1. In a Debye calculation with equal point scatterers on the alpha-carbon sites of segment 421-530 and no solvent, what is log10 I(q)/I(0) at q = 0.14, 0.17, 0.18, 0.22 Å⁻¹?
2. What FRET efficiency comes out for the pair Gln309/Val272, r = Cβ-Cβ distance, R0 = 22 Å, nearest 0.05?
3. Report, ordered by chain and residue number, the lysines lying within cross-link reach of Lys102, taken as a straight Cα distance under 24 Å and ignoring same-chain residues fewer than 8 apart.
4. Sequence-distant or interchain residues sharing an amide H contact under 5 Å with Val100, placed H: which?
5. At a 1.4 Å probe radius, which order do Leu476, Leu115 fall into by accessible area, largest first?
6. What figure, in Å² to the nearest 10, do you get for the accessible area of Asp105 with a 1.4 Å probe and non-protein molecules left out?
7. Could you work out the local net charge near Lys649, counting Lys and Arg as +1, Asp and Glu as -1, over the other residues with Cβ closer than 10 Å to its Cβ?
8. Please list Met379, Met51, Met458 in order of solvent-accessible area, largest first, computed with a 1.4 Å probe with all protein chains present.
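The values are calculated or read from the model by the stated rules, or taken from the named source; none is laboratory data. Here the structure is a predicted model, which means the values were calculated and not measured. Methodologically, a virtual Cβ is constructed for each residue, glycine included, from the backbone with ideal geometry; neighbour enumeration extends over all protein chains shown. Quick note on the areas: whole protein, heavy atoms, side chains included, nothing else; ligands and nucleic acids left out. Shrake-Rupley method; radii C 1.70, N 1.55, O 1.52, S 1.80 Å.
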Amino acid sequence: MGLFRQIGPRRAEIRKNRPDRPASVYEKLLRSENQIALAIVVGFTLITAGMVVFSRPNVVPWRVGQFAAYDIVARVDFSYDDPEQLKTARQNARDREARVYKAVDDPLIKIAGDLKTLPEKVVGRRVDELDAPLKSILDNAAVGLLASYADNADKHAVWNASVDGYVKAIRDQGLIVLPADQRQKDAGRMINLGGFTARVDDTLSPAMTGELESRFRRPAEAAFPAVLTEKVIDLTLVGFTPNYELDRTRTTEAQNLAAARVPLIEGQKTFVANDIVAEKGELMPSLYPRLRAEHDAFIASLGNKIWWQRLGLAAAVILIIGIATFYVVHYQPRIVRNPVRALGLAALLFSMLLLAQLTGLGGTRSYVFFIAPTIMVAMILTIAYDRRFAFGIGVVHALLATIALGEGMNLLLVLLSGVATCCFLLDDVRTRSKLIEIGGAVSIVMMLATFATGWIAMDPMPFILRNAIYAGAAGLAVGFVVLGILPFVERAFRITTSMTLLELADASHPLLRRLAIEAPGTYNHSLQVATLSEEAAEAIGANSLLCRVASYYHDVGKINKADYFVENQQQGANRHYNLSPSVSLLIIIGHVKDGLELAKEYALPTSVVPFIQQHHGTTLVEFFYHRARNEGGMEHSVEEHQYRYPGPKPRTKEVAIVMLSDACESACRAMEEPNSSRIETLVHELAMKRLLDGQFDESDLTMRELELIERSLVKSLLGLYHGRIAYPTDKNAQARLSAVPTQPAVRTA
């Protein structure tokens, strides 16, 4: 037994240290080169979990515009400040406050003046000659009596004294006369007359002629003869106007002061457990403060028990992010190796989750901002990586958003349907309308999913239709937004979409135009390589568009010293004949470095730069290597590594295809009589030479794919360098043509 106990750990240790044993995901994460990515994962987990844990309890389960299928009852006793009730209480206080009136010009002063001048107005005139309203009030007897007062100074003095006594008697009554409309508005209330208050019912208005007449009669009878009593009363009624009017400024100040004195408790409503907080139906905006107060009271009533919920939320978030981390390590290990990519992915996920969370903290059930962030994550990651990876991370984000928003299965189903549609339809962005089309398709699918989930919940059709419209708007809006930010997405994730590649393929691009003008042979060579590499990439399912576009730019470095490359040399001596092999080598391999500088100068995408840098790998510059060995009997003194390109070797299948296409096109162009067998042999030899030289070791190219690439290159090269039938000529016509004398050349000064 002891022997077996010793053998077990030894076998485990041997298996652990086997060089061919694949490392586990856990071991990959713990590697030293992945420590930064691991720190990003830990930081993202802590921040996300903290946001969800401390924000999720503040999310009210019910929101404005949502349909409640049943009455919502209070889970605990609670009170809340109802702004509408407080507003009503303050308005009542304003209405109860006595309105302030101010005294105006005393109408009795004008009445006294009019009465004192009355004798002068009627003297020497008949009744029908008097001004209005005198001619309608006075008669002949009254006019005659009044005229007698005007003829005698003593009588006139008596008349004036009678008028003064009459007016004084009326003033002594302390009449308060208000405008008729204001008195009617304040009926039954107290009013503030500046220094004192009075009941409106105790006041008068000019329209109350009967009451005023009774107030004027006794003073009139005591002051004037019987003939003039009624006449004076009528004249007084005509000239009597309100002696108080509303002071709007002071009234408003008094009412505002009264409203400010209303205590806040007047606006407080109290509910006990099981009271109906909101009746079933649509939740109106006025109900949200009540629902918020009930939710806050319920959370407060939990006490320390709330930490169990927070612990559960934290565990769920950590579990989901843990699954996502293993998913990333398994399907996109380059994110783990590249901290910038890891940080970009974490920032994208957190920012979109934060947007959804902030929307959830509000009182409106905004379907657009509930759905749009997750769909945007799926669309951006599909463009940046691939469908499978984007779908997995999109599902993770949908789960996190559902938990953070406190929503149920209905929203999750809508999100998953949108994520799946986006990921599986978005394959290649070659046109600007592609993203809009995908957004439209996502909108349709999410609208259908919203209808389905709404029917399951038995919501009324208007609510289902409204949510479906919001879901459709979210999908379509994401398409437009991603289209607008696509250049920033490419820059952030260091990717190049097909739409950008097509723009680079335009012959009017400044760098391509410069290549065509300064190095026409290289430009033509690049066009041929582009044709070969595109067909070869199609044969193995690689990115054919990237191969074609990158081939246009792979030799741009030859622009600086175009005459030193054979394809650009016209008739004349080769410029390398007067140079030593080492100098020629520096010029030849220097086109790679020059190409990188030009790529940086013209801001070529990062996906094109590796083709410029790696299309020669670490291959041998054979011509100058053999020339160096043959010069001066130095065959054994030249090291092969001195005449190799600096590399690196191709790291993708696409770069490997361009490398082989470049070599085959150059070699085939130098072939004197290209035919099928020669081209096939040449392509196979070049492929095997680079394979045995280890140039494809880092490109993940399989032998089967290499065979398919060879077949494609042979087929394409035969199409480019096919033979032609010689056209027959007429010997007699040729003889006659040769017998025609030529015109002498005309020389110009």
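1. -0.71, -0.87, -0.92, -1.09
2. It comes out at approximately 0.35.
3. Lys102 reaches Lys110, Lys168, Lys185.
4. Asn192, Asp247, Thr251
5. Reading off the accessible areas and sorting them downward yields Leu476, Leu115.
6. Its heavy atoms expose roughly 140 Å² to the probe.
7. -1
8. If we order Met379, Met51, Met458 from most to least accessible, we get Met458, Met51, Met379.
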